[in-house]
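What follows is one structure encoded as structure tokens, with my remarks underneath.
The values are calculated or read from the model by the stated rules, or taken from the named source; none is laboratory data. Computed from a predicted structure; not experimentally measured. So basically every Cβ, Gly included, is an ideal-geometry build from the backbone, and we count neighbours across all protein chains shown.
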């Protein structure tokens, strides 16, 4: 089956620190990979995506590279801000009828000023 | 362009009751997916509706059912509510094109269901 494993949280960083949130996956076939962000009291927002091996997704200073050899899609940002405080979810979708998203358990990030 | 909207925002029910949650898809989208997000967990896929028919289902019992209407809005119905059904229910809409490798899903803010 398909599954996503994220690093355990919560993660607390100081403003301008470097962020890495690890994500590995297991999938049948060739998945598309996503990072979603959930701010308090809100639904999920797509942060970035990559649809094939070696693709790099990027948005708002966040980056993640689709690594097929290590089945990973780690999220990075060089300098976090207080406004980045949220829950981050790694997810995958495989080709098929529904192409539903399979999510990891989420990583809570808190950035302190 | 109107995004995905859900109603109600919050709902409190008791065990054994039935509940209906509603979702309006984003303009131009023809597919609606429903997810259950328990506290502190990632969302779990319930089912998807495409052109008014169920187009895939996750590991949820038959008491979870749904509908999609001609305007592509959707309902999620849950019968015989259990305490474990307490969760945030998320709706996501997308445009399904059989020729594409993925279809980006846009999420609504969710309905928080509490079962007492």
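Remarks
- Taking the stretch A:88-113 as the range and being under 10 Å from the mean Cα position of the chain (by Cα) and either within 9 Å of another protein chain (Cβ to nearest Cβ) or over 17 Å from residue A:63 (Cα atoms) (or both) as the test, the residues that pass are A:89, A:90, A:91, A:103, A:104, A:106.
- When restricted to residues that are in contact with a helix residue (DSSP H, G or I) (Cβ under 7 Å, 6 or more places away or on another chain) and either under 20 Å from residue B:108 (Cβ atoms) or in a strand (DSSP E or B) (or both), the stretch B:5-17 contains 0.
- Test: residue A:108 is under 17 Å from residue B:37 (Cβ atoms) and at pLDDT 95 or above: yes
- Of all residues in the stretch A:45-67, those being more than 14 Å from chain B (Cβ to nearest Cβ), in a loop (DSSP other than H, G, I, E, B) and in contact (Cβ under 8 Å) with a residue 24 or more places away in the chain number 0.
- Qualifying residue in the stretch B:87-100 (condition: at the interface with chain A (Cβ under 10 Å from one of its Cβ atoms), in contact (Cβ under 8 Å) with a residue 60 or more places away in the chain, assigned to a loop (DSSP other than H, G, I, E, B) and out of contact with any helix residue (DSSP H, G or I) (no Cβ under 6 Å at 6 or more places or on another chain)): yes
- Residue list for the stretch A:33-57, filter: closer than 16 Å to residue B:39 by Cβ and surrounded by fewer than 16 Cβ atoms within 10 Å (Cβ to Cβ): A:40, A:41, A:42
- Flag if residue A:33 is closer than 18 Å to residue B:105 by Cα, in contact (Cβ under 8 Å) with a residue 40 or more places away in the chain and in a strand (DSSP E or B): yes
- Some residue of the stretch B:68-77 being free of Cβ contacts under 8 Å to residues at least 40 places away in the same chain, surrounded by 17 or more Cβ atoms within 10 Å (Cβ to Cβ) and not in a loop (DSSP other than H, G, I, E, B): yes
- Number of the condition not met by residue A:90 [criteria: (1) surrounded by 15 or more Cβ atoms within 10 Å (Cβ to Cβ); (2) farther than 16 Å from residue A:20 by Cα; (3) in contact (Cβ under 8 Å) with a residue 40 or more places away in the chain]: (2)
- When we screen B:2, B:20 for residues that are surrounded by fewer than 20 Cβ atoms within 10 Å (Cβ to Cβ) and assigned to a strand (DSSP E or B), the only hit is B:20.
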